[in-house]
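Worksheet: one structure, shown below.
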Amino acid sequence: MTGVPGVDVPDHRGRTGLDQVGRDLTGNPDVVVKDVELLHSGWHVLRRTTLERRRGDGEWVTEQRETYDRGNGATMLLHDVERRTVLLTRQFRYPVYVNGHPDGLLIEAAAGLLDDDAPEVAVRREVEEELGVAVGEVQHVFDVFMSPGSVTERLHFYAAPYRPHDRTTAGGGLEEEGEDIEVLELPFDEALDMIDGGRIADAKTIMLLQWAAARGPFRS
């Protein structure tokens, strides 16, 4: 009998036991996980979990939830207070293009998956690859579940100052990973205005820009 890739034999990324995630959860006595099914193990993982949950009125109900596990990530806003600028990226994102974005070219803060690294280590790597900046001291801003209805990802938010001489390479991402990233240096106030006009429509970037205006380096 052949095994199931990702369950009892390795999938194309060498993973097994993907149907075990969540079975040992004990933090909430009102939730009991009964079964976890692996629906798909591509680059990321889709699972269907059957659970019993005690509602607020005391009734126990059986529910099924599909979760998309793409790993956790980190993002960083680079800012220059003296020149009042921020350093962002622009790249093609097919999911937003197919869902109504005019051209799919999304303006974003630098970001990436952790890939088993600590969040600060990962975000420093992404900033250097995408923006060409080796940052010094960084500030942790907050950690956020970005789409809690179905996606497990937690995104770690950071900010750091930069100056023009900190850009040691052109950035642009890793060519061997198919990345094709344009680096954008924008006046901070223009970036804020681009939110209102819909030209910046990426959630993590909006959150970092608004944080920078309200509580961060550009607060009045």
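Results, tabulated for the structure shown:
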{"item": "Residue in segment 63-77 that is nearest to Glu126 (Cα to Cα), counting only those that are charged (D, E, K, R) and within 15 Å of the chain's Cα centre (by Cα)", "result": "Arg70"}
{"item": "Any hit, segment 123-140, residues being surrounded by fewer than 12 Cβ atoms within 10 Å (Cβ to Cβ) and over 30 Å from Gln64 (Cβ atoms)", "result": "yes"}
{"item": "Tally, over segment 190-205, of residues that are touching an Asp or Glu at 6+ places or on another chain (Cβ under 9 Å) and either farther than 23 Å from Ser147 by Cβ or free of Cβ contacts under 8 Å to residues at least 12 places away in the same chain (or both)", "result": "0"}
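Coordinate-derived values only; no laboratory data. Keep in mind the model is a prediction, meaning the values are calculated, not measured. Using ideal geometry, Cβ is built from the backbone for each residue, glycine included, and neighbour counts are taken over all protein chains shown.
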